[in-house]
Amino acid sequence: MHFYETKIECPKDGVVQLTEWLRRCVRESGVQSGIAVLSAPHTTSGISFNPYMLKPEDHQDIQQALDRLIPMRIDYAHQFDNPADAAGHNKSALMGTNTTFIVEGGELVLGSSQGVFFFEFDGPRTQRCQLAVYSDSSFCKEE
Amino acid sequence: MKKLDCNNALRMETFDLPVMARPFAEANDKPLRMALTTPQLFSPRSCLLVGCGDSYCAGVAAKPLFEQLGGIRTEALSAMEASRHWPKERIGNEPCNPLLYVISASGNVSRNIEVCQRAAACGVGALTVAVTAHPDSPMAKASQAVLPISPTPFDSGFDEHSPGLRSYYASLYALCSSAIRMGEVKMRYPMSQADDYRRAMVEYAESFGGEVMEQIDDAMFALAQQWQEFDSFEFLGSGAQMATAWFDAAKIYEATGDVATYEDMENWCHVNYFARDHRRVGTVLSISKDSPAMVRALEVAEVLARLRPTLIVTDADAALFPEEATVCQLPSPRYGFLAPLMDYVPVALLSGYLARLKGVSLFRGGEPAFQSQPTHFLKTSQIEIV
């Protein structure tokens, strides 16, 4: 297994593209065929896909859609932090904090317009993303 | 007399402040954070900070934080003003408004209980919050929520009642925490910023520890020897340092029994300036380097140093002030609005030394005239709802 981690300086409700970092890590791993697992080990963040070529502000469409689904309210049961944080936990649970990719031919396999993005639902915060790249061979049972 | 021969309970309390700051925060931060719900912090459109004596002063000191951090219009009132004179419609005619903090470490003071009961009698209205070390006290029971203060253990080693320095710090810390929390919940700044404000409170108190406190202590003992023949004192402040001036004057009264007044520095120029026996009025000007009144304070300091025996308490550069004045330079808080948490330390030490050098007991302990006055009349006064 090859492990990588990157720090992300997230503004409030920031969206950060991870696509190029993922491609670099997979190439650096030398794994020709296998899978890669991406994880954001946080509770107010998420990982999802959007067209990689969009203008940065266009990614706010997803944030705003989530705002409509999970508006910031003052009556969440979770009151230790603030209302944005409480809503952020819900958005994070809905979007999910990890995803799996196919690695083939030494490259990350993505659709032609797929970009991978880190979403922060609160912040500003310094967050992390972790990537584990596994070769097919690591799943083969030794005879 | 040597300095340590003049040691006293008030001095011991003062020395304990930097020591207690961190364990006090560790014991109290979470309960203070969770004392009010998010809707309770969001709903009010104004705040009232109410108390008697030092607790009133804590309200005056915390008012700028509620306005600056909490973004809420705030008044600091004496309990008498709030219970007998403040218009009923401003105590309450809409839900959760105002957010009414009633401050008393003991929770037994009649006038404070009266404020809570008056607010309840207004029907729909104020959200009353007791700021107290006794969550089972009558004041707490008359309130809708409690901002709890759990004091850290302390023994001064003296068999004398000391002016409540630690309880003042605790009350002020609780109010500051609540103001920080309000701003955090209302998302006026990120949670990381709120945590930094909390850290800065503790770090500021701790910055008075060790050699810093020893230096202040030496300077105040030396000044007490110069001022021990004086029997009147004046304290000048402006803005947040009005609370410091108020509290400083209270410590002189409690420790020495001498007449002590406090005044806004501008008003002082109009009135108190004319004191006839000006060479025998020990005068203290408190000014934070971040205060909007700093330039005016420098002007007033020039006049003071010419007329009066003067102590300047400041975190600004001592060289800014006239040579004739004694300048006690304090550590700076990371955020200027936190200065009232600790800037009363020099006068607390001075008060204790003056009491010893004058040969008087703190709070007139042992003097029959004061013992015959029931000290609990604060707690047995008739409650009236007007």
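The values are calculated or read from the model by the stated rules, or taken from the named source; none is laboratory data. Please read these numbers as outputs of a predicted model, since none were measured by experiment. Positions of Cβ are generated from backbone atoms using ideal geometry, with glycine treated the same way; all protein chains shown enter the neighbour counts.
Observations
- Scanning the range B:127-154 for residues that are over 21 Å from B:CYS176 (Cβ atoms) and aliphatic (A, V, I, L, M) gives a single hit, B:ALA142.
- Test: residue in the range B:288-309 that is of a type outside the set (Phe, Trp, Tyr), under 18 Å from the mean Cα position of the chain (by Cα) and not in a loop (DSSP other than H, G, I, E, B): no
- Residue check, B:ILE180 buried (at least 20 other Cβ atoms within 10 Å of the Cβ), among the aliphatic types (A, V, I, L, M) and more than 14 Å from chain A (Cβ to nearest Cβ): no
- Scan the range B:213-242 for residues that are more than 14 Å from B:ALA348 (Cβ to Cβ) and either in contact (Cβ under 8 Å) with a residue 12 or more places away in the chain or of a type in the set (S, T, N, Q) (or both) and the total you get is 18.
- Considered as a group, the residues in the range A:17-72 that are of a type in the set (Ser, Thr, Tyr) and within 26 Å of A:MET1 (Cβ to Cβ) include one that is farthest from the chain's Cα centre (by Cα), and that residue is A:SER33.
- Selected residue (criterion: nearest to the other protein chains (Cβ to nearest Cβ)) from residues of the range A:63-104 that are more than 17 Å from A:GLY46 (Cβ to Cβ), surrounded by fewer than 19 Cβ atoms within 10 Å (Cβ to Cβ) and modelled with pLDDT of 95 or more: A:ILE102
- Index of the failed condition, B:ALA179 passing every other in (1) touching a helix residue (DSSP H, G or I) at 6+ places or on another chain (Cβ under 8 Å); (2) in the same structural domain as B:LEU354 (by TED's automatic domain parsing): (2)
- Lone qualifier among B:ALA245, B:ALA200, B:ALA205, B:ALA255 - being in contact with a Leu (Cβ under 8 Å, 6 or more places away or on another chain), more than 14 Å from chain A (Cβ to nearest Cβ) and either closer than 30 Å to A:PHE121 by Cα or in a loop (DSSP other than H, G, I, E, B) (or both): B:ALA200
- Residue match in the range B:165-187 (condition: out of contact with any strand residue (DSSP E or B) (no Cβ under 8 Å at 6 or more places or on another chain), under 30 Å from B:HIS278 (Cα atoms) and touching a residue at least 40 places away in the same chain (Cβ under 8 Å)): yes
- Checking B:GLU13 against (1) within 26 Å of A:ALA86 (Cβ to Cβ); (2) touching a helix residue (DSSP H, G or I) at 6+ places or on another chain (Cβ under 9 Å), the condition it does not meet: (1)
- Qualifying residue in the range B:123-139 (condition: in the same structural domain as B:GLY92 (by TED's automatic domain parsing), surrounded by fewer than 16 Cβ atoms within 10 Å (Cβ to Cβ) and closer than 29 Å to B:SER351 by Cβ): no
- Inter-residue pairs, beta-carbon under 9 Å, first away from chain B (no Cβ under 14 Å) and in a strand (DSSP E or B) and in the range A:123-134, second among the acidic types (Asp, Glu) and surrounded by fewer than 18 Cβ atoms within 10 Å (Cβ to Cβ), 6+ apart: A:ARG128/A:GLU5; A:CYS129/A:GLU5; A:GLN130/A:GLU5; A:LEU131/A:GLU5; A:VAL133/A:GLU28
- Of the helices (runs of 4 or more DSSP H) lying entirely inside the range B:65-167, the ones with 1 or more residues being hydrophobic (A, V, I, L, M, F, W, C) and closer than 21 Å to B:ALA250 by Cβ are found at B:110-121, B:138-141.
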